[in-house]
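The values are calculated or read from the model by the stated rules, or taken from the named source; none is laboratory data. Predicted, not measured: the structure shown is a model, and the values here were computed from it. Note that each Cβ is placed from the backbone with ideal geometry, even for glycine, and that neighbours are counted across all protein chains shown. Only protein heavy atoms, including side chains, enter the accessible area calculation; ligands, DNA and RNA are left aside. Shrake-Rupley method; radii C 1.70, N 1.55, O 1.52, S 1.80 Å.
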Amino acid sequence: MNLPWHLYLMGAIYILAGLNHFRNPRLYIKIIPPYFKKPEFLNKLSGIAEIIFGISLCIPLFTSVAAWGIIALLIAVFPANVYMYQNDKAGLGLPKWIRLLRLPLQLGLIFWAFQYTNY
């Protein structure tokens, strides 16, 4: 079965994002809310999950499961986006309005992944 190009695009985005967790961990650790323990571990875990789900999206046998995994991951990391919006120190120097746009963007990413849950 041939997969659509936009599925490969989504896979590449998650693979690159996951690799970036290891290339620039401080960027991600900084936005993890302080009430979560072991932020270094959580950063690595989410990076590995993004890489695995990104690769799995591109394998027809695993596409649907990977899409559900991405949805779960996006929900799990949503508190980091809220914390980034609320806390200027976690804002990475971005204007507050851009940080606000990240919140509904998560819904768009969830919707995009949902398109492949029954693939």
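Taken over the range 50-62, the criterion of being open to solvent by 40 Å² or more (accessible area, probe 1.4 Å) and in a helix (DSSP H, G or I) is satisfied by 52, 53, 55. On the stretch given as the range 63-111, residues that are over 13 Å from the mean Cα position of the chain (by Cα) and assigned to a loop (DSSP other than H, G, I, E, B) total 6. May I ask you to say which residue of 32, 15 is in contact with a helix residue (DSSP H, G or I) (Cβ under 6 Å, 6 or more places away or on another chain), over 16 Å from residue 117 (Cα atoms) and surrounded by fewer than 19 Cβ atoms within 10 Å (Cβ to Cβ)? Going through 32, 15 in turn, just one is in contact with a helix residue (DSSP H, G or I) (Cβ under 6 Å, 6 or more places away or on another chain), over 16 Å from residue 117 (Cα atoms) and surrounded by fewer than 19 Cβ atoms within 10 Å (Cβ to Cβ): 15. When residues in the range 2-30 are screened for being over 18 Å from residue 106 (Cβ atoms) and of a type in the set (Gly, Ala, Ser), 2 of them pass. Pairing each residue of the range 1-17 that is part of a helix (DSSP H, G or I) with any residue that is open to solvent by 80 Å² or more (accessible area, probe 1.4 Å) and hydrophobic (A, V, I, L, M, F, W, C), provided the two are 6+ apart or on different chains, yields C-beta distances under 8 Å for 11/55; 15/55. Scanning the range 20-49 for residues that are among the aromatic types (Phe, Trp, Tyr) and either farther than 26 Å from residue 65 by Cβ or assigned to a helix (DSSP H, G or I) (or both) yields 22, 28, 35, 41.
Screening the range 76-111 for residues that are farther than 16 Å from residue 17 by Cα and among the β-branched types (Val, Ile, Thr) and picking the one that is least open to solvent (accessible area, probe 1.4 Å) gives 82.
Would you check which residues across the range 35-49 are open to solvent by 50 Å² or more (accessible area, probe 1.4 Å) and either touching a residue at least 40 places away in the same chain (Cβ under 8 Å) or within 22 Å of residue 108 (Cβ to Cβ) (or both) and list them?
Answer for the range 35-49, where residues must be open to solvent by 50 Å² or more (accessible area, probe 1.4 Å) and either touching a residue at least 40 places away in the same chain (Cβ under 8 Å) or within 22 Å of residue 108 (Cβ to Cβ) (or both): just 36.
Does residue 40 qualify as being under 28 Å from residue 118 (Cβ atoms) and charged (D, E, K, R)? It is false that residue 40 is under 28 Å from residue 118 (Cβ atoms) and charged (D, E, K, R).
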